[in-house]
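Visitor: Just dropping this structure here.
The values are calculated or read from the model by the stated rules, or taken from the named source; none is laboratory data. All values derive from a computational prediction rather than experimental measurement. Cβ atoms come from the backbone with ideal geometry, glycine included; neighbour counts cover every protein chain shown.
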(Lines give C-alpha, C1' and ligand atoms only; values in the text may rest on other atoms or scores of the structure.)
Protein backbone atom coordinates (compact mmCIF):
# COMPACT_ATOMS: atom_id res chain seq x y z
CA UNK A 1 0.00 0.00 0.00
CA UNK A 2 1.54 3.31 -1.10
CA UNK A 3 1.29 6.55 0.91
CA UNK A 4 -1.73 7.84 -1.01
CA UNK A 5 -3.61 4.56 -0.57
CA UNK A 6 -2.71 4.51 3.13
CA UNK A 7 -4.08 8.04 3.64
CA UNK A 8 -7.31 7.15 1.82
CA UNK A 9 -7.70 4.01 3.91
CA UNK A 10 -7.23 5.97 7.13
CA UNK A 11 -9.77 8.59 6.06
CA UNK A 12 -12.35 5.94 5.15
CA UNK A 13 -11.88 4.26 8.53
CA UNK A 14 -12.14 7.58 10.33
CA UNK A 15 -15.31 8.44 8.41
CA UNK A 16 -16.90 5.18 9.59
CA UNK A 17 -16.16 6.06 13.21
CA UNK A 18 -17.47 9.60 12.70
CA UNK A 19 -20.69 8.13 11.30
CA UNK A 20 -21.07 5.96 14.43
CA UNK A 21 -20.92 9.07 16.60
CA UNK A 22 -23.69 10.97 14.81
CA UNK A 23 -26.31 10.24 17.49
CA UNK A 24 -23.86 11.11 20.27
CA UNK A 25 -23.16 14.47 18.63
CA UNK A 26 -26.86 15.20 18.13
CA UNK A 27 -27.33 14.59 21.87
CA UNK A 28 -24.54 17.13 22.55
CA UNK A 29 -26.36 19.73 20.44
CA UNK A 30 -29.47 19.22 22.55
CA UNK A 31 -27.75 19.07 25.94
CA UNK A 32 -24.50 21.07 25.81
CA UNK A 33 -25.49 23.89 23.47
CA UNK A 34 -28.27 26.34 24.33
CA UNK A 35 -31.50 27.15 22.49
CA UNK A 36 -31.30 30.61 20.83
CA UNK A 37 -34.31 31.86 22.81
CA UNK A 38 -32.57 31.00 26.09
CA UNK A 39 -28.99 32.03 25.27
CA UNK A 40 -27.45 35.30 26.38
CA UNK A 41 -27.16 37.89 23.62
CA UNK A 42 -24.78 40.86 23.14
CA UNK A 43 -27.54 43.34 24.00
CA UNK A 44 -27.64 41.91 27.54
CA UNK A 45 -24.27 43.55 28.25
CA UNK A 46 -24.46 46.82 26.31
CA UNK A 47 -26.33 50.13 26.61
CA UNK A 48 -29.84 49.98 25.17
CA UNK A 49 -29.73 52.72 22.54
CA UNK A 50 -33.51 52.92 22.57
CA UNK A 51 -33.60 54.15 26.17
CA UNK A 52 -33.50 57.84 27.20
CA UNK A 53 -30.35 57.31 29.28
CA UNK A 54 -28.48 55.47 26.52
CA UNK A 55 -25.80 58.13 25.99
CA UNK A 56 -25.19 58.36 29.73
CA UNK A 57 -24.59 54.60 29.74
CA UNK A 58 -22.21 54.92 26.76
CA UNK A 59 -20.33 57.65 28.61
CA UNK A 60 -19.94 55.36 31.64
CA UNK A 61 -18.69 52.57 29.36
CA UNK A 62 -16.12 54.92 27.85
CA UNK A 63 -14.99 56.14 31.28
CA UNK A 64 -14.38 52.55 32.39
CA UNK A 65 -12.63 51.65 29.14
CA UNK A 66 -10.37 54.72 29.32
CA UNK A 67 -8.45 53.16 32.21
CA UNK A 68 -7.59 49.94 30.37
CA UNK A 69 -3.95 49.80 29.19
CA UNK A 70 -3.33 49.89 25.44
CA UNK A 71 -1.79 46.42 25.48
CA UNK A 72 -4.97 44.90 26.92
CA UNK A 73 -7.16 46.73 24.40
CA UNK A 74 -4.95 45.48 21.56
CA UNK A 75 -5.14 41.93 22.87
CA UNK A 76 -8.92 42.24 23.20
CA UNK A 77 -9.18 43.43 19.61
CA UNK A 78 -7.12 40.48 18.40
CA UNK A 79 -9.39 38.10 20.31
CA UNK A 80 -12.44 39.77 18.79
CA UNK A 81 -11.06 39.57 15.25
CA UNK A 82 -10.43 35.86 15.77
CA UNK A 83 -14.05 35.37 16.82
CA UNK A 84 -15.35 37.36 13.83
CA UNK A 85 -13.91 34.92 11.27
CA UNK A 86 -16.68 32.40 11.90
CA UNK A 87 -17.73 31.99 8.24
CA UNK A 88 -14.34 30.33 7.68
CA UNK A 89 -14.72 28.03 10.68
CA UNK A 90 -18.15 26.69 9.73
CA UNK A 91 -17.03 26.19 6.14
CA UNK A 92 -13.91 24.35 7.31
CA UNK A 93 -15.88 22.03 9.59
CA UNK A 94 -18.33 21.08 6.84
CA UNK A 95 -15.48 20.26 4.46
CA UNK A 96 -14.11 17.54 6.76
CA UNK A 97 -14.49 13.99 5.49
CA UNK A 98 -17.60 12.33 6.90
CA UNK A 99 -19.08 15.44 8.53
CA UNK A 100 -21.51 16.63 5.86
CA UNK A 101 -21.71 13.69 3.45
CA UNK A 102 -24.94 15.05 1.91
CA UNK A 103 -23.38 18.43 1.17
CA UNK A 104 -26.50 19.97 2.66
CA UNK A 105 -26.55 22.54 5.47
CA UNK A 106 -30.18 21.63 6.16
CA UNK A 107 -29.23 18.00 6.80
CA UNK A 108 -30.62 16.33 9.92
CA UNK A 109 -27.19 14.83 10.61
CA UNK A 110 -25.93 15.34 14.15
CA UNK A 111 -22.61 16.63 12.86
CA UNK A 112 -24.23 19.21 10.57
CA UNK A 113 -26.56 20.31 13.36
CA UNK A 114 -23.50 20.67 15.60
CA UNK A 115 -21.55 22.77 13.08
CA UNK A 116 -24.46 25.22 12.77
CA UNK A 117 -25.38 25.40 16.45
CA UNK A 118 -21.75 25.68 17.58
CA UNK A 119 -20.88 28.50 15.20
CA UNK A 120 -24.18 30.24 15.98
CA UNK A 121 -23.16 30.39 19.63
CA UNK A 122 -19.65 31.52 18.74
CA UNK A 123 -21.00 34.26 16.49
CA UNK A 124 -22.28 36.22 19.51
CA UNK A 125 -18.73 36.56 20.87
CA UNK A 126 -17.44 38.66 17.99
CA UNK A 127 -20.68 40.65 17.88
CA UNK A 128 -20.45 41.55 21.57
CA UNK A 129 -16.75 42.45 21.61
CA UNK A 130 -17.07 44.39 18.36
CA UNK A 131 -19.91 46.52 19.72
CA UNK A 132 -18.13 47.05 23.02
CA UNK A 133 -14.98 48.25 21.26
CA UNK A 134 -16.98 50.50 18.92
CA UNK A 135 -18.74 52.17 21.85
CA UNK A 136 -15.56 52.40 23.92
CA UNK A 137 -13.88 54.75 21.46
CA UNK A 138 -10.56 53.02 22.10
CA UNK A 139 -10.14 51.33 18.72
CA UNK A 140 -9.58 52.53 15.19
CA UNK A 141 -12.59 50.62 13.90
CA UNK A 142 -11.73 51.12 10.23
CA UNK A 143 -8.42 49.30 10.77
CA UNK A 144 -10.17 46.64 12.84
CA UNK A 145 -12.81 46.10 10.15
CA UNK A 146 -10.15 45.86 7.46
CA UNK A 147 -8.38 43.17 9.47
CA UNK A 148 -11.60 41.18 9.92
CA UNK A 149 -12.28 41.49 6.20
CA UNK A 150 -8.78 40.32 5.33
CA UNK A 151 -8.87 37.37 7.74
CA UNK A 152 -12.11 36.06 6.25
CA UNK A 153 -10.80 36.88 2.75
CA UNK A 154 -7.66 34.81 3.41
CA UNK A 155 -9.46 31.86 4.96
CA UNK A 156 -8.39 29.35 7.57
CA UNK A 157 -6.26 26.21 7.44
CA UNK A 158 -5.43 24.37 10.69
CA UNK A 159 -3.54 21.78 8.57
CA UNK A 160 -5.79 18.90 9.60
CA UNK A 161 -5.82 17.42 6.06
CA UNK A 162 -9.65 17.10 5.96
CA UNK A 163 -9.25 14.40 8.63
CA UNK A 164 -12.08 14.66 11.20
CA UNK A 165 -9.91 13.09 13.91
CA UNK A 166 -7.22 15.74 13.53
CA UNK A 167 -9.86 18.46 13.33
CA UNK A 168 -11.46 17.41 16.61
CA UNK A 169 -8.03 17.29 18.24
CA UNK A 170 -7.53 20.82 16.94
CA UNK A 171 -10.85 22.15 18.21
CA UNK A 172 -10.40 20.48 21.61
CA UNK A 173 -7.09 22.32 21.93
CA UNK A 174 -8.27 25.59 20.42
CA UNK A 175 -11.45 25.93 22.46
CA UNK A 176 -9.40 25.50 25.63
CA UNK A 177 -6.84 28.04 24.39
CA UNK A 178 -9.58 30.55 23.58
CA UNK A 179 -11.17 30.01 26.99
CA UNK A 180 -7.84 30.73 28.68
CA UNK A 181 -7.34 33.86 26.58
CA UNK A 182 -10.77 35.28 27.47
CA UNK A 183 -10.43 34.38 31.17
CA UNK A 184 -7.07 36.13 31.43
CA UNK A 185 -8.29 39.18 29.49
CA UNK A 186 -11.26 39.43 31.87
CA UNK A 187 -8.97 39.34 34.89
CA UNK A 188 -6.87 42.17 33.46
CA UNK A 189 -9.98 44.19 32.62
CA UNK A 190 -11.27 43.76 36.15
CA UNK A 191 -7.90 44.85 37.56
CA UNK A 192 -8.09 47.96 35.34
CA UNK A 193 -11.49 48.81 36.77
CA UNK A 194 -13.88 47.69 34.01
CA UNK A 195 -16.10 45.17 35.77
CA UNK A 196 -18.52 45.03 32.82
CA UNK A 197 -15.80 44.00 30.36
CA UNK A 198 -14.57 41.50 32.93
CA UNK A 199 -18.07 39.98 33.02
CA UNK A 200 -18.24 39.96 29.22
CA UNK A 201 -14.95 38.06 28.96
CA UNK A 202 -15.97 35.63 31.71
CA UNK A 203 -19.28 34.93 29.95
CA UNK A 204 -17.59 34.29 26.61
CA UNK A 205 -15.07 32.02 28.35
CA UNK A 206 -18.01 30.07 29.76
CA UNK A 207 -19.24 29.37 26.23
CA UNK A 208 -15.76 28.27 25.18
CA UNK A 209 -15.62 25.93 28.18
CA UNK A 210 -18.88 24.24 27.10
CA UNK A 211 -17.61 23.87 23.55
CA UNK A 212 -14.29 22.53 24.80
CA UNK A 213 -16.14 19.97 26.91
CA UNK A 214 -18.10 18.80 23.86
CA UNK A 215 -15.12 18.46 21.52
CA UNK A 216 -13.08 16.64 24.15
CA UNK A 217 -15.99 14.24 24.70
CA UNK A 218 -16.20 13.58 20.94
CA UNK A 219 -12.51 12.71 20.92
CA UNK A 220 -12.86 10.57 24.03
CA UNK A 221 -15.41 8.48 22.14
CA UNK A 222 -13.03 8.17 19.19
CA UNK A 223 -10.22 7.02 21.49
CA UNK A 224 -12.52 4.30 22.86
CA UNK A 225 -13.50 3.05 19.40
CA UNK A 226 -10.20 3.49 17.55
CA UNK A 227 -7.32 4.15 19.99
CA UNK A 228 -4.54 3.65 17.45
CA UNK A 229 -6.13 5.95 14.87
CA UNK A 230 -6.91 8.55 17.51
CA UNK A 231 -3.42 8.65 18.97
CA UNK A 232 -1.85 8.87 15.51
CA UNK A 233 -4.09 11.85 14.72
CA UNK A 234 -3.09 13.46 18.01
CA UNK A 235 0.58 12.97 17.17
CA UNK A 236 0.16 14.41 13.67
CA UNK A 237 -1.49 17.58 14.95
CA UNK A 238 1.10 18.11 17.65
CA UNK A 239 4.06 17.55 15.31
CA UNK A 240 2.61 20.21 12.99
CA UNK A 241 1.86 22.38 16.04
CA UNK A 242 -1.47 24.06 16.65
CA UNK A 243 -1.87 27.06 14.36
CA UNK A 244 -3.99 29.82 15.84
CA UNK A 245 -7.18 30.59 13.85
CA UNK A 246 -6.24 34.23 13.16
CA UNK A 247 -2.74 33.50 11.86
CA UNK A 248 -3.55 34.91 8.40
CA UNK A 249 -5.03 38.20 9.65
CA UNK A 250 -2.26 40.26 8.08
CA UNK A 251 -1.30 38.02 5.16
CA UNK A 252 -1.31 39.93 1.89
CA UNK A 253 -1.95 43.26 3.56
CA UNK A 254 0.12 46.30 4.40
CA UNK A 255 1.22 44.75 7.71
CA UNK A 256 1.93 41.04 7.15
CA UNK A 257 3.42 40.67 10.65
CA UNK A 258 0.17 41.73 12.34
CA UNK A 259 -0.50 38.33 13.89
CA UNK A 260 3.04 38.12 15.25
CA UNK A 261 2.56 41.53 16.91
CA UNK A 262 -0.72 40.38 18.44
CA UNK A 263 0.90 37.16 19.70
CA UNK A 264 3.80 39.09 21.23
CA UNK A 265 1.35 41.22 23.21
CA UNK A 266 -0.63 38.23 24.51
CA UNK A 267 2.66 36.63 25.59
CA UNK A 268 3.91 39.81 27.27
CA UNK A 269 0.78 40.55 29.31
CA UNK A 270 0.01 36.91 30.11
CA UNK A 271 -3.20 36.52 28.13
CA UNK A 272 -1.93 33.45 26.23
CA UNK A 273 1.62 32.20 26.63
CA UNK A 274 3.98 29.37 25.80
CA UNK A 275 3.26 27.92 29.24
CA UNK A 276 -0.45 27.83 28.39
CA UNK A 277 0.35 25.89 25.20
CA UNK A 278 2.37 23.34 27.20
CA UNK A 279 -0.31 23.02 29.88
CA UNK A 280 -3.02 22.35 27.30
CA UNK A 281 -0.97 19.50 25.86
CA UNK A 282 -0.50 18.08 29.36
CA UNK A 283 -4.24 18.39 30.05
CA UNK A 284 -5.25 16.53 26.89
CA UNK A 285 -2.64 13.80 27.33
CA UNK A 286 -3.97 13.15 30.84
CA UNK A 287 -7.63 13.47 29.85
CA UNK A 288 -7.34 10.87 27.10
CA UNK A 289 -5.07 8.66 29.26
CA UNK A 290 -2.45 8.54 26.53
CA UNK A 291 0.19 6.84 28.69
CA UNK A 292 -2.20 4.03 29.69
CA UNK A 293 -3.55 3.07 26.26
CA UNK A 294 -2.96 -0.57 25.33
CA UNK A 295 -3.35 -2.76 22.27
CA UNK A 296 -1.84 -0.12 20.00
CA UNK A 297 -0.25 -0.67 16.61
CA UNK A 298 3.53 -0.27 16.41
CA UNK A 299 3.21 3.23 14.94
CA UNK A 300 0.67 4.21 17.54
CA UNK A 301 2.94 2.97 20.33
CA UNK A 302 5.68 5.27 19.03
CA UNK A 303 3.19 8.13 18.95
CA UNK A 304 2.32 7.29 22.57
CA UNK A 305 5.97 7.71 23.60
CA UNK A 306 6.21 11.02 21.74
CA UNK A 307 3.04 12.46 23.26
CA UNK A 308 3.78 11.31 26.79
CA UNK A 309 6.84 13.56 27.01
CA UNK A 310 5.66 16.43 24.82
CA UNK A 311 4.28 18.82 27.44
CA UNK A 312 7.58 18.71 29.37
CA UNK A 313 9.44 19.62 26.21
CA UNK A 314 7.20 22.61 25.55
CA UNK A 315 7.37 23.69 29.18
CA UNK A 316 11.16 23.82 28.93
CA UNK A 317 10.84 25.88 25.75
CA UNK A 318 8.42 28.23 27.48
CA UNK A 319 10.83 28.63 30.38
CA UNK A 320 13.48 29.81 27.93
CA UNK A 321 11.13 32.07 26.01
CA UNK A 322 11.67 35.72 26.84
CA UNK A 323 8.72 38.08 26.75
CA UNK A 324 9.44 40.91 24.29
CA UNK A 325 10.67 44.14 25.87
CA UNK A 326 8.83 46.21 23.30
CA UNK A 327 5.59 45.40 21.55
CA UNK A 328 4.02 47.08 18.58
CA UNK A 329 0.44 48.12 19.17
CA UNK A 330 -2.12 47.83 16.42
CA UNK A 331 -5.70 48.93 15.78
CA UNK A 332 -5.58 51.82 18.28
CA UNK A 333 -6.45 55.44 17.64
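Table: residues versus (1) at positive phi; (2) under 15 Å from the mean Cα position of the chain (by Cα); (3) surrounded by 21 or more Cβ atoms within 10 Å (Cβ to Cβ); (4) in a loop (DSSP other than H, G, I, E, B).
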position: 234; (1), (2), (3), (4): no, no, yes, no
position: 242; (1), (2), (3), (4): no, yes, no, yes
position: 246; (1), (2), (3), (4): no, yes, yes, yes
position: 253; (1), (2), (3), (4): no, no, no, yes
position: 260; (1), (2), (3), (4): no, no, no, no
position: 268; (1), (2), (3), (4): no, no, no, no
position: 271; (1), (2), (3), (4): no, yes, yes, yes
position: 275; (1), (2), (3), (4): no, no, no, no
position: 279; (1), (2), (3), (4): no, no, no, no
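Visitor: Condition (residue is within 25 Å of residue 200 (Cα to Cα) and surrounded by 15 or more Cβ atoms within 10 Å (Cβ to Cβ)) applied to segment 11-28: is it met by at least one residue?
Guide: yes
Visitor: Test each condition in (1) surrounded by fewer than 18 Cβ atoms within 10 Å (Cβ to Cβ); (2) within 27 Å of residue 188 (Cα to Cα) for residue 79 and report the one that comes out false.
Guide: (1)
Visitor: Here is a follow-up. State which residue is surrounded by the fewest Cβ atoms within 10 Å (Cβ to Cβ) when the search covers only segment 102-139 and only residues that are touching a residue at least 24 places away in the same chain (Cβ under 8 Å) and not in a helix (DSSP H, G or I).
Guide: 137
Visitor: Answer yes if at least one residue in segment 3-18 is modelled with pLDDT of 95 or more, touching a helix residue (DSSP H, G or I) at 6+ places or on another chain (Cβ under 9 Å) and not in a helix (DSSP H, G or I), and no otherwise.
Guide: no
Visitor: Let me ask something else about it. Looking only at segment 52-83, count how many residues are closer than 17 Å to residue 138 by Cβ and in a helix (DSSP H, G or I).
Guide: 21
Visitor: What are the residues in segment 180-200 that are buried (at least 21 other Cβ atoms within 10 Å of the Cβ) and more than 18 Å from residue 243 (Cβ to Cβ), if any?
Guide: 182, 184, 185, 186, 188, 189, 194, 197, 200
Visitor: While we're looking at this one, here's another question. With 142, 162 as the choices, which residue is within 25 Å of residue 197 (Cα to Cα) and surrounded by fewer than 20 Cβ atoms within 10 Å (Cβ to Cβ)?
Guide: Just one listed residue meets the conditions, 142.
Visitor: What are the residues in segment 58-73 that are surrounded by fewer than 16 Cβ atoms within 10 Å (Cβ to Cβ) and in contact with a strand residue (DSSP E or B) (Cβ under 8 Å, 6 or more places away or on another chain), if any?
Guide: Answer for segment 58-73, where residues must be surrounded by fewer than 16 Cβ atoms within 10 Å (Cβ to Cβ) and in contact with a strand residue (DSSP E or B) (Cβ under 8 Å, 6 or more places away or on another chain): just 70.
Visitor: Further question on the same structure: Which of the following residues is more than 29 Å from residue 59 (Cβ to Cβ), touching a residue at least 40 places away in the same chain (Cβ under 8 Å) and in a helix (DSSP H, G or I): 224, 212?
Guide: The conditions single out 212.
Visitor: Report whether or not residue 325 is in a helix (DSSP H, G or I) and without any contact (Cβ under 8 Å) to a residue 12 or more places away in the chain.
Guide: no
Visitor: Among the residues of segment 146-156, are any outside any helix (DSSP H, G or I), surrounded by fewer than 22 Cβ atoms within 10 Å (Cβ to Cβ) and under 17 Å from the mean Cα position of the chain (by Cα)?
Guide: yes
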